[in-house]
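The values are calculated or read from the model by the stated rules, or taken from the named source; none is laboratory data. Keep in mind that what you see is a predicted model, and the values were worked out from it rather than measured. In this analysis, Cβ positions are derived from the backbone assuming ideal geometry, glycine residues included, and neighbour counts consider all displayed protein chains. Please note that ligands, DNA and RNA were not included when accessible areas were found on the heavy atoms of the full protein model with its side chains. Shrake-Rupley method; radii C 1.70, N 1.55, O 1.52, S 1.80 Å.
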Amino acid sequence: MRCSPNAQGYRTSPPPRSRPAPTREQFQNKRAQQSGGSRGVDAVDAAGGGRGRAEGALNGRHVKFHIEARPHPVRIASQFTPSILIYNSLRNSLVPTLIDLPTALRPLALTLNTSSFPPPNEPSMILLEPHNVIIRQVLTDKFAKPTSLDQAFVDFDSVRYHLTTPNTKVKTQILLSMALPCWDELVQHGARDVLRAEYGDLLLEEVEPEYNVSLMIDLEKVPAEAEARQSLIHSLSLLKRHAISAPFLSAFAKQRELEATPPPTDGSPAPKGQLLEVHYRDEEAIYIQAGHDRVTVVFSTVFREETDRVFGRLFLQEFVDARRLPSIQTAPQVLYSTREPPLEIRHLPGLAQTEDVGYVTFVLFPRHFTNPTVSFATISRIQLFRDYLHYHIKCSKAYMHSRMRTRVASFLKVLNRAVPEKAEGGERKTASGRTFKSR
């Protein structure tokens with residue numbers, strides 16, 4: 001560093017080069033880019049009303065928002081779509097979508113600070129598996145050390161299980177029973193044949209009272225190899241999955257028959273298979289129909305609350321939009337409609353056509369079930385669709401409520417730290433110490 005003498009003879013360093021101070025807008029832009037959040041209006045009181053603007057970075061895009069809060073439902077509009085930012089756990093990202101807040105949420109304050117949301121890659125939900133965890137855990141323990149057993153438990157879709165040792169003196173024999181609300185329909189579609197092909201002699205003809213299917217497991221006859229034992233335990237934990245797979249397997253087989261038949265040349269529509277109905281829940285059902293080049297699966301689901309309908313519409317719309325991504329072009333086509341049933345089931349009597357009923361249609365092509373491994377995975381995943389949908393709705397509601405409570409707590413801290421301003425017009429003092437009152 002070069003130094004130069006000053007007037008007193010001391011050598012000093014040259015002053016550093018001065019840089020222009022950043023403007024307020026540059027500072028806010030830099031802060032918004034670092035946090036990934038919004039800047040401008042941070043919150044709008046939906047009870048008292050108000051307006052404001054905000055902008056920031058969202059998934060690498062610069063977005064401008066216009067916020068307008070009134071006593072009635074709040075609407076937030078952006079430059080590319082009317083939207084409010086919510087955390088969509090289906091895709092682990094922030095998705096702009098239109099939403100009208102229900103009455104219970106109107107008095108609360110809305111924030112647009114996206115930095116408060118968890119990172120996109122942060123695990124926040126459990127993975128629903130097609131097998132039953134309790135069956136897998138209990139059988140693993142009993143295979144290692146046989147003991148007496150009597151345990152009843154339930155699964156999704158009102159399915160009941162019962163694990164017991166019928167003879168307490170013979171602890172090596174375990175009876176596994178299951179009850180399904182739609183068992184009679186599954187039997188018509190070949191469920192018993194599917195279970196017999198999967199479990200063989202383990203399937204009993206006489207079932208336990210109040211149950212639909214029973215398996216007798218003799219621990220003295222199980223394989224000695226650890227890998228074979230784990231395979232048997234995994235197969236037993238998939239009892240519900242194998243039973244409900246019967247109508248899907250029947251539709252896949254029918255599609256192969258229709259595909260082998262030449263299509264009509266007189267202009268008439270191609271023949272279709274029988275419409276299979278599975279009423280697996282109260283007021284909800286699965287409809288499966290085989291076509292010449294596809295298998296159509298329709299889910300009817302009921303949303304009990306207004307907020308569930310809003311979240312359900314958002315998530316199902318994401319299913320429709322996600323297929324446009326290049327990475328999942330081979331995924332099944334997904335269609336969603338409310339009130340009006342799809343054409344495949346519109347002729348059925350007694351279908352509900354209200355606002356709280358939604359219909360989701362999956363179009364499966366031969367590439368989704370021709371290969372046995374792919375067919376197994378397709379059936380396992382599509383069975384869990386309804387459970388996953390409502391599970392995501394509940395998790396999203398819980399997450400939004402927790403963020404609102406956190407935001408309200410932070411606002412209360414700010415209010416507690418605030419110092420009220422002194423009222424003007426009180427007594428004042430002059431330089432000499434005299435006091436006077438201003439009028």
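Tabulated data
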read-out	value
Highest-first arrangement of 270-277, 151-158, where packing means the average Cβ count within 10 Å	270-277, 151-158
Extension gain (nm, one decimal) between residue 354 and residue 137, 0.36 nm per residue minus Cα-Cα	73.9 nm
Estimated inter-spin distance, residue 160 and residue 306, nm [label 7 Å along Cα→Cβ]	3.7
Mean projected area (nm²) of the alpha-carbon convex hull when the range 195-283 is viewed from all directions	9.7
Computed label-point distance, nm, for sites residue 330 and residue 196 using a 7 Å Cα→Cβ extension	3.6
Residue 367/residue 406 FRET efficiency (R0 60 Å; Cβ-Cβ; nearest 0.05)	0.85
Distant-in-sequence amide H partners of residue 213 (H built 1.01 Å from N, under 5 Å)	178
Where 216, 404 fall by accessible area, highest first, once all protein chains stay in place (1.4 Å)	216, 404
When the range 305-439 is reduced to its Cα atoms, the Kirkwood hydrodynamic radius in Å	20.6
Computed over the range 143-293, Cα set: Rg, Dmax in Å	19.3, 70
Estimated distance in nm for a label pair at residue 343 and residue 413, the labels positioned 7 Å out from Cα along Cα-to-Cβ	5.8
The range 226-343 shape via C-alpha gyration tensor axes, a/c threshold 1.5	oblate
Residue-normalised accessible area of the range 159-217, given per residue in Å² at a 1.4 Å probe	50
Residue-span extension gain [residue 391 to residue 265] - 0.36 nm each, minus C-alpha spacing	40.6 nm
Accessible area of the range 344-387 belonging to carbon and sulfur atoms, whole % at 1.4 Å probe	59
Zone residues, the range 171-200, relative to residue 145, backbone N less than 16 Å from point 7 Å out along Cα-to-Cβ	171-172
Under Karplus coefficients 6.51, -1.76 and 1.60, residue-wise ³J(HN,Hα) of the range 334-349 in Hz, glycine/proline x	10, 10, 9, 8, 10, 6, 7, x, x, 5, 5, 10, 5, 7, 6, x
